[in-house]
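Here it is, the structure in full.
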């Protein structure tokens with residue numbers, strides 16, 4: 001009897017202490033020093049910013065945040081769970097900022113408790129990569145041909161429509177095999193947004209979104225999945241993030257932009273794509289850009305924060321630190337873009353970003369002067 | 001003198017007797033009390049143990065019910081908008097909010113059952129080899145451990161291996177039989193799944209075969225039966241239900257497998273035209289699209305897909321249990 005009681009008591013004690021330890025750990029997440037957590041809990045908490053969202057931004061963000069931490073001692077904990085997930089976490093206010101490759105849609109906007117501002121932080125592009133081993137030249141694509149290929153209307157590489165824009169190139173009679181992303185992604189969103197803009201047929205049959213109902217082709221998980229499908233299949237063609245294609249030396253084609261020029265995707269041509277008149281809210285799609293030397297399948301990536309920073313129990317100090325971080329990201333932080341194959345923001349985008357940051361308030365008062 | 005001495009003797013012996021009697025009485029009494037105490041303690045301990053078991057069991061049941069309830073609650077939105085036609089709708093279009101699970105339902109069932117058919121000969125062969133022919137020795141031990149290792153390898157590794165090795169082989173096989181040489185598709189995923197589910201049926205079957213009473217087998221041998229005849233008419237009939245349970249276990253694993261399948265199935269929402277065509281399974285669609293499901297109906301439709309997968313597993317298990325019962329009778 002006694003033994004049982006003691007056993008039960010011990011078990012209870014273990015469970016309780018275990019639970020307390022867990023609670024303790026939770027409280028300490030992200031705080032480097034736990035010893036003085038009682039004394040310094042508020043300032044410690046204020047020194048850690050939580051973010052979540054886009055996987056595309058993650059390599060650049062990691063670099064930026066570690067550099068910023070060296071000079072300013074601010075810790076940023078960024079979870080790259082995908083743009084949709086980041087927006088959901090921002091909606092439930094479990095993070096301080098979100099990051100997304102697509103501006104908020106109407107449904108996401110209405111789920112939010114207050115207005116959110118979009119600050120452009122970087123730009124990326126989607127390239128058309130293909131596998132034609134015997135081909136030496138770089139292929140040209142026009143929007144019309146691209147849409148018809150992805151709709152399954154152009155089935156062979158030696159189709160007259162492809163031959164007409166690639167004069168002098170000996171095209172093989174191989175079947176075209178389309179590879180697309182199977183997971184919902186910002187890359188798919190940019191690519192389908194572009195196709196919807198340039199092809200009314202695509203817009204009515206498929207539309208735009210982070211996952212769509214593909215009329216043809218195979219789905220691969222992530223950039224590496226699509227790249228794998230392309231590499232393995234002669235005649236394979238698909239869309240891949242520019243950074244991934246550059247790092248892995250994949251062949252990609254030139255694409256005709258709105259001005260009629262065939263543009264090779266590169267960091268410079270993506271930055272040029274963003275050098276257009278950007279609206280005051282920065283919610284602009286760069287796809288099919290008006291810039292004559294801009295690559296047409298480019299897109300901005302945004303950091304999302306609430307316009308009114310006084311919510312939950314946030315301190316003014318924390319809000320200021322976060323805004324200063326974002327301000328640094330769009331100015332000094334841009335120097336890390338090139339090495340990681342991201343396109344630096346265009347001057348137009350930086351100006352708009354600055355203006356937007358000044359509209360963010362704490363208790364009605366602007367935070368940055 | 002004599003009498004007194006006798007009396008003395010008697011009283012002494014009586015004394016001794018008494019002492020003996022009393023001491024045994026006391027001992028018995030003490031023992032009795034101890035026994036009672038111990039049995040009380042034992043009963044208490046038994047009760048505590050039983051209660052713990054009941055609670056843990058109930059928690060497990062509650063958890064499963066809870067998961068089911070969550071799935072139902074979260075998918076109400078999708079059930080309301082799409083209705084029952086969700087099950088046979090042929091289009092999955094997140095842009096237009098048209099959700100039909102039929103291509104994925106078909107993909108899940110096709111890959112799982114095809115995998116089962118491919119794996120059964122292997123798992124039964126392993127089971128019979130290890131259970132009947134060579135239950136001991138280093139080679140059977142090696143085989144046993146290797147088969148068990150199959151179950152321990154993470155599924156993403158199978159996916160990787162499938163993509164790098166199996167897909168090119170399947171592609172050349174496909175071009176030699178004259179179908180579209182895609183390589184990725186239902187057939188490749190079934191092959192991968194078949195390898196992954198072998199250990200489940202094999203290890204259960206092997207332990208069932210070892211449990212066949214020796215006298216039954218000896219009786220058959222004494223009647224002049226060959227080894228094959230013993231296996232066919234004694235061992236297999238005796239272990240039928242166990243072998244079938246192993247198959248069910250394998251099927252359960254195949255239905256829910258996500259990572260390895262999604263890497264080699266081709267992930268298209270089109271209805272597969274043949275077993276060599278690309279397709280998709282319910283588990284793989286959920287894994288692929290859940291993170292970026294950016295509007296409520298879409299998210300709810302994905303959760304409903306989870307509910308359908310859950311129900312399919314339950315129904316198949318129930319049918320399996322019924323069949324197992326019929327086999328044993």
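Could you tell me which of the residues B:79, B:72 is more than 30 Å from residue A:205 (Cα to Cα) and either over 19 Å from the mean Cα position of the chain (by Cα) or within 14 Å of chain A (Cβ to nearest Cβ) (or both)?
It is B:72.
Need at least 3 residues that are facing another protein chain (nearest Cβ under 9 Å) per element, so show me which helices (runs of 4 or more DSSP H) inside the stretch A:173-240 make the cut, counting only ones lying wholly within it.
Ranges flagged: A:186-198, A:222-232.
Select from the stretch B:240-266 the residues that are part of a helix (DSSP H, G or I), within 13 Å of chain A (Cβ to nearest Cβ) and buried (at least 20 other Cβ atoms within 10 Å of the Cβ) and list them in ascending order.
B:260, B:261, B:262, B:263, B:264
Got at least one residue in the stretch B:216-223 being within 11 Å of another protein chain (Cβ to nearest Cβ) and surrounded by fewer than 18 Cβ atoms within 10 Å (Cβ to Cβ)?
No, because not a single residue in the stretch B:216-223 is within 11 Å of another protein chain (Cβ to nearest Cβ) and surrounded by fewer than 18 Cβ atoms within 10 Å (Cβ to Cβ).
Would you call residue A:103 part of a loop (DSSP other than H, G, I, E, B), surrounded by fewer than 23 Cβ atoms within 10 Å (Cβ to Cβ) and touching a strand residue (DSSP E or B) at 6+ places or on another chain (Cβ under 9 Å)?
yes
Quick one: residue A:201 ticks every box in (1) surrounded by fewer than 22 Cβ atoms within 10 Å (Cβ to Cβ); (2) touching a helix residue (DSSP H, G or I) at 6+ places or on another chain (Cβ under 8 Å); (3) under 30 Å from residue A:81 (Cβ atoms) except a single one, so which number is it?
Of the numbered conditions (1) surrounded by fewer than 22 Cβ atoms within 10 Å (Cβ to Cβ); (2) touching a helix residue (DSSP H, G or I) at 6+ places or on another chain (Cβ under 8 Å); (3) under 30 Å from residue A:81 (Cβ atoms), the odd one out for residue A:201 is (3).
Take the stretch B:179-234 and flag every residue that is within 20 Å of residue B:273 (Cα to Cα), without any contact (Cβ under 8 Å) to a residue 24 or more places away in the chain and under 30 Å from the mean Cα position of the chain (by Cα).
none
What is the residue count in the stretch B:267-294 for residues that are surrounded by 21 or more Cβ atoms within 10 Å (Cβ to Cβ) and not in a loop (DSSP other than H, G, I, E, B)?
The qualifying residues number 6.
Can you tell which of B:182, B:165 is within 14 Å of chain A (Cβ to nearest Cβ), surrounded by fewer than 16 Cβ atoms within 10 Å (Cβ to Cβ) and either touching a helix residue (DSSP H, G or I) at 6+ places or on another chain (Cβ under 8 Å) or in a helix (DSSP H, G or I) (or both)?
That would be B:165, the only listed residue that is within 14 Å of chain A (Cβ to nearest Cβ), surrounded by fewer than 16 Cβ atoms within 10 Å (Cβ to Cβ) and either touching a helix residue (DSSP H, G or I) at 6+ places or on another chain (Cβ under 8 Å) or in a helix (DSSP H, G or I) (or both).
Here's another thing I want to ask about it. Just to check your reading of the model, which residue among B:278, B:296 is modelled with pLDDT under 90, over 22 Å from the mean Cα position of the chain (by Cα) and within 14 Å of another protein chain (Cβ to nearest Cβ)?
Just a single option satisfies the conditions, and that option is B:296.
Further question on the same structure: Determine which member of the set A:243, A:280 is assigned to a loop (DSSP other than H, G, I, E, B) and away from every other protein chain (no Cβ under 14 Å).
Checking each option against the conditions leaves just A:280.
Test residue B:288 against the criterion of being in contact with a strand residue (DSSP E or B) (Cβ under 8 Å, 6 or more places away or on another chain) and without any contact (Cβ under 8 Å) to a residue 60 or more places away in the chain, and give yes or no.
yes
Continuing with the same structure: I'd like to verify a number: residues in the stretch A:246-269 that are in contact with a strand residue (DSSP E or B) (Cβ under 9 Å, 6 or more places away or on another chain) and assigned to a helix (DSSP H, G or I), how many?
4
Here are A:170, A:161, A:148: which of them is more than 25 Å from the chain's Cα centre (by Cα), assigned to a loop (DSSP other than H, G, I, E, B) and either more than 13 Å from chain B (Cβ to nearest Cβ) or crowded, with 19+ Cβ neighbours inside 10 Å (or both)?
A:170
The values are calculated or read from the model by the stated rules, or taken from the named source; none is laboratory data. Worth saying up front: this structure is predicted, and the values here are computed from it rather than measured. With ideal geometry, Cβ positions are generated from the backbone for all residues, glycine too; neighbour counts draw on all protein chains shown.
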